[in-house]
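A.B. asks: Got a structure here, written out as C-alpha cells. Questions coming.
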There are 2 protein chains.
Amino acid sequence: MSFDLNRYINERCELIDGRLKMAMPDENELPFSLHKSMRYSTFAGGKRLRPILLLAACDAVGGDLSAALPAACAMEMVHTYSLIHDDLPAMDNDDFRRGNPTNHKVFGDAVAILAGDALLTQAFILLSSPFYSSNVPSDRILDVIHEIAYAAGSRGMVGGQVVDMESEGCHDIDLPTVQYIHTHKTGALIKASVKSGAILGGGDERQIAALNRYGEAIGLAFQIADDILDVVGTTDQLGKDAGSDQARGKATYPSVLGLNESRRTAAEFIEIALESISELDEKADPLREIAKYILNRKS
Amino acid sequence: MSFDLNRYINERCELIDGRLKMAMPDENELPFSLHKSMRYSTFAGGKRLRPILLLAACDAVGGDLSAALPAACAMEMVHTYSLIHDDLPAMDNDDFRRGNPTNHKVFGDAVAILAGDALLTQAFILLSSPFYSSNVPSDRILDVIHEIAYAAGSRGMVGGQVVDMESEGCHDIDLPTVQYIHTHKTGALIKASVKSGAILGGGDERQIAALNRYGEAIGLAFQIADDILDVVGTTDQLGKDAGSDQARGKATYPSVLGLNESRRTAAEFIEIALESISELDEKADPLREIAKYILNRKS
C-alpha cells in the first residue's frame, strides 16, 4: 500500500477550510473591519498542521471525524490569534508572514490586537456551541476545552512567548531555556491538538497516553526543524526572511547545539514519536507519515 | 428588614478575591513578569460588579454559591483582560486606571498584550477545570462557557470596542451607534454575568429569561451612568481624568441625548430591570438593591 501524504493533506485542508469558513462571522457583518481582519489571517495560507493532527488522532483511535472537526477549527483559530499578536510592533514587529503583509500592516495595530482577541474567543464559542454538544458527550468537550485552554495559556503558549521575548538578544541562553521556550511556545498546542483528537475520537486511556507522547515528541521535532530551516532555508521557500531568528538573537536549537546536533535531536524525537504509537494499528499511518514529513520538510 | 448593600458588597468582594487568588498562577511561577502582570491588573481595585451580579443571580434562583464562584472569577478575568488591552497605546492609550499606572506603563506593551491574552485564556481554564465539572453538571458549564465566550467575542464586547474606537472623533454619531457600542462593549458581559449565575444556580427557563432581561437593562443603565459620571464627576472620584470621553470625542449618551435625557433613560432602564424580576422572591433583593445603586453611584 502506498500512502499519498500530499493528497491526504490537501483533502483535509479542504475539509478544515470549509468548516472554518462557516465557523466565523461573515465579512459583511458588523464590525466589518474586525471580521475582515479575523478572516484575513485565518485564510492566509496556513499549513493547518494542528487541525490535521487533531483529525488524524481522532482517526487513529477509530473516532468519527465530525466529532473532531469543530475542535480542529478551534485549534487553528488559537494558532492564528497567536501569530497575529506575535507579529505586532510591540512584539516581533514583522511586516510579512507567508509572503503576505501581516495583519497589523493591513488593518492597523488596534484592529489586529482585537482580531486576535476575537479569534481566541471564537475558538471557545465554537467548542461550546449547543450544536456540538448535542453530538458529542459534554464531558469530552469540557476535557478538550481544558486541554486547549491550558496549552494556550500562561503555563503553555503565552508563557513560552514571554520567555522567548525576554531571551531575545541574550548571549548566554542555555539548553533548558530553549527547551522551555519550545515545549511551551509551539509544543503545547501541537501536543494538545493530538490529545484532543484522541479524546474526541473516544480513545481509551492507554491510547490517549500514547498519542499524548507522540504529540509531545513531534511538537519538539517540528520546532527544531523550524529553527534549522531558518538557518538553511531560502527566503523564497519560507515566505519570510531566512536567518531572521539569528539576526534577532533568538534562542534556537542551532544557536545552542549547532546544526548537526540539532538535526540529530530532531530525528531522535521523531523516533520517539513513532515508537509511542507502535501499538496502534494502520489507522495511525497518517500520523506516522506526518512525523516523517516534519523531519524532512523544506518549508 | 434593612439590607446593608455596602456590607453585602464587601463580603462578596472578599469571597471573590479569595477565589481569584487561588485561580491564578503565583507571581513566583515562571514567567514571573507575566504572572505579576496578570495579578497586578486583577487586584487593582476593581469593583467586582460582574462577579457580584453572577453570584447574586445564582442566589436569586436559590442556587448554591459554590456552583457559581468559579464562573464569577472567570468573568472578572475576562473583564480585566479587556481593560488591559483597552488601555494600550494602540487603543485608548491610558496611563492611569483607578488611580494606578496602567498595566503597559508598568510591564511594557508586549507583556501587557500577553497578560491580557493569558487572562482571557485563564477564564476558560478555570471554567473547564475537572474539579468544577465534578460538582456542577457539564451541560450547565458548557452553556455558561458559550454565554461568556459569545458575550466577549466579535459579536459582543470586542465588536463594541471596535465600533467605539472607529467612532472616536466622528461628529455625527447617532443614537443607534451609541446603543450598539453600549450593548456590546459593556452590556454583553454584564448580561452574560447575570444569565450565567441563573444557569449555574439551576434556575428554570422562566427565571433565566427574567434575569436575562434584568441583566440587559442594568447593563445599559450602568454604561449610561458611567457616561454621565464622566461629565459631572470629579477626577478624584473617578480615579481617571473626568471629561476624558468628551476630550476624545467618544460616542456617549450625554453627547447624543444631553445630560437630562440621559439621566431619564438610565432611570427607565432601572425600572425595566426591577420590573423584569418582579416575580422573583426576596432572594432577588440584592439584585434589586444593586440596580438602584447603579443609578445613584458617585464613582
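Each reported figure results from applying straightforward, stated rules to the coordinates on display, with no laboratory input. A quick note: this is a predicted structure, and the numbers were derived from the prediction, not measured. Glycine gets a Cβ as well: all are built from the backbone with ideal geometry, and neighbour counts include every protein chain shown.
A.B. asks: Compute the distance in nm between two label points, each set 7 Å from the Cα along the Cα-to-Cβ direction, one at B:Q246 and one at A:V106.
C.D. replies: 4.1 nm
A.B. asks: Moving to a separate point now. Looking at the stretch A:89-189, which trypsin sites (Lys or Arg not before Pro) are DSSP coil and have at most 11 other C-beta atoms within 10 Å of their C-beta?
C.D. replies: Loop-located and lightly packed - none at all.
A.B. asks: For the stretch A:156-212, state what percent of all Cα-Cα pairs lands in each successive 10 Å bin, counting from 0 Å until the bin that includes the largest distance.
C.D. replies: Binned Cα distances yield the sequence 24, 37, 24, 13, 3.
A.B. asks: Nearest 0.05, what FRET efficiency do B:E268 and A:S278 give at R0 = 56 Å with Cβ-Cβ as r?
C.D. replies: 0.20
A.B. asks: Where does each of B:E275, A:E205 land when they are ranked from fewest to most other beta-carbon atoms within 10 angstrom?
C.D. replies: So the residues, fewest neighbours to most, are A:E205, B:E275.
A.B. asks: Let me ask another. Treating only the Cβ of Lys, Arg, Asp and Glu as charged (+1, +1, -1, -1), what charge dipole size does the stretch B:5-296 show about its Cα centre? Round to the nearest 20 debye.
C.D. replies: In total the dipole reaches around 420 debye.
A.B. asks: Right, next: Please label the shape of chain B as rounded, prolate or oblate, based on the square roots a ≥ b ≥ c of the eigenvalues of the alpha-carbon gyration tensor (a/c under 1.5 means rounded; beyond that, a/b larger than b/c means prolate, else oblate). Could the numbers behind the result be given before it?
C.D. replies: Values: a/c = 1.61, a/b = 1.06, b/c = 1.51.
Verdict is oblate for chain B.
A.B. asks: From other protein chains only, count the Cβ atoms within 10 Å of every residue's Cβ in A:101-113, then give the mean.
C.D. replies: Average neighbour count from other chains, rounded to a whole number: 3.
A.B. asks: With r defined as the distance between the Cβ atoms of B:F3 and B:S66 and R0 fixed at 22 Å, what FRET efficiency is calculated, to the nearest 0.05? The partial results should precede the final answer.
C.D. replies: Numbers: r = 23 Å, r/R0 = 1.04.
After rounding to 0.05, the efficiency reads 0.45.
A.B. asks: For the stretch A:74-198, give the magnitude of the charge dipole about the Cα centre (Cβ charges: +1 Lys/Arg, -1 Asp/Glu; no others), in debye to the nearest 20. Let's see the in-between values first.
C.D. replies: Working: 8 positive and 16 negative charges, 107 e Å.
About 520 debye.
A.B. asks: Which of the residue pairs A:K195/A:K292; B:K191/B:K292; A:K105/A:K298; B:K105/B:K185; A:K47/A:K292; A:K47/A:K191 have a Cα-Cα distance greater than 22 Å in the structure shown? The partial results should precede the final answer.
C.D. replies: Values: A:K195/A:K292 19 Å; B:K191/B:K292 17 Å; A:K105/A:K298 27 Å; B:K105/B:K185 24 Å; A:K47/A:K292 16 Å; A:K47/A:K191 17 Å.
Over 22 Å Cα-Cα: A:K105/A:K298; B:K105/B:K185.
A.B. asks: First check a/c for the stretch B:255-299, with a ≥ b ≥ c the square roots of the eigenvalues of its C-alpha gyration tensor; if it is under 1.5, answer rounded, and if not, answer prolate when a/b is larger than b/c or oblate otherwise.
C.D. replies: Oblate.
A.B. asks: About the Cα centre of the stretch A:1-107, what is the dipole size in debye to 20, counting +1 per Lys and Arg Cβ and -1 per Asp and Glu Cβ, all else neutral?
C.D. replies: 100 debye
A.B. asks: Along the axis that rotates chain A into chain B, which residue of chain A has the nearest beta-carbon, and what is the gap in whole Å?
C.D. replies: A:S138, 2
A.B. asks: Quick check: from the Cα gyration tensor, does the stretch B:59-186 come out rounded (a/c under 1.5), prolate or oblate?
C.D. replies: It comes out oblate by the Cα gyration axes.
A.B. asks: Hey, quick one: spin label on A:E289, modelled 7 Å out along Cα-Cβ, who in the stretch A:44-60 has an amide N within reach, i.e. under 15 Å?
C.D. replies: Those under the cut-off are A:52-53, A:55-57, A:59-60.
A.B. asks: For peptide B:159-169, compute the average count of partner chain beta-carbon atoms within 10 Å of each residue's beta-carbon.
C.D. replies: 4
A.B. asks: Starting from 0 in steps of 20 Å, tell me what percent of the Cα-Cα pairs of the protein assembly as shown lands in each bin.
C.D. replies: P(r) for the protein assembly as shown, in whole percents per bin: 20, 54, 23, 3, 0.
A.B. asks: Follow-up. Taking each pair of different alpha-carbon atoms in the stretch A:1-121 once, compute 1/r for the pair, average those values, and report the inverse of that mean as the Kirkwood hydrodynamic radius in Å to one decimal.
C.D. replies: 15.1 Å
A.B. asks: Within chain A, which DSSP H helices have Cα atoms that stretch 27 Å or more along the helix axis and a mean Kyte-Doolittle hydropathy of at least 0.0?
C.D. replies: Span-like helices here: A:65-87, A:109-127, A:205-232.
A.B. asks: While we're on this one: Find which of B:G62, B:V78, B:S134 sits farthest along the positive direction of the dipole of the stretch B:47-153, computed with +1 on the beta-carbon of Lys and Arg, -1 on that of Asp and Glu, about the Cα centre.
C.D. replies: Highest projection toward the positive end goes to B:G62.
A.B. asks: Between A:D174 and the same site in the other copies, what are the distances in nm, shortest first, taking label points 7 Å from Cα along the C-beta direction?
C.D. replies: List, nearest first: 6.6 nm.
A.B. asks: Looking at chain B, identify the longest residue range that excludes and avoids all chymotrypsin sites (Phe, Trp or Tyr not before Pro) in DSSP loops having at most 14 other Cβ atoms within 10 Å.
C.D. replies: The reported range is B:44-299.
A.B. asks: Sort shortest first the distances from A:R248 to its counterpart in every other copy, using label points 7 Å along the Cα-to-beta-carbon line, and give them in nm.
C.D. replies: 2.9
A.B. asks: List the equivalent ellipsoid semi-axes of the stretch A:1-50 in whole Å, largest first, each obtained as the square root of 5λ for an eigenvalue λ of the Cα gyration tensor.
C.D. replies: Its equivalent ellipsoid spans semi-axes of 29, 10, 6 Å.
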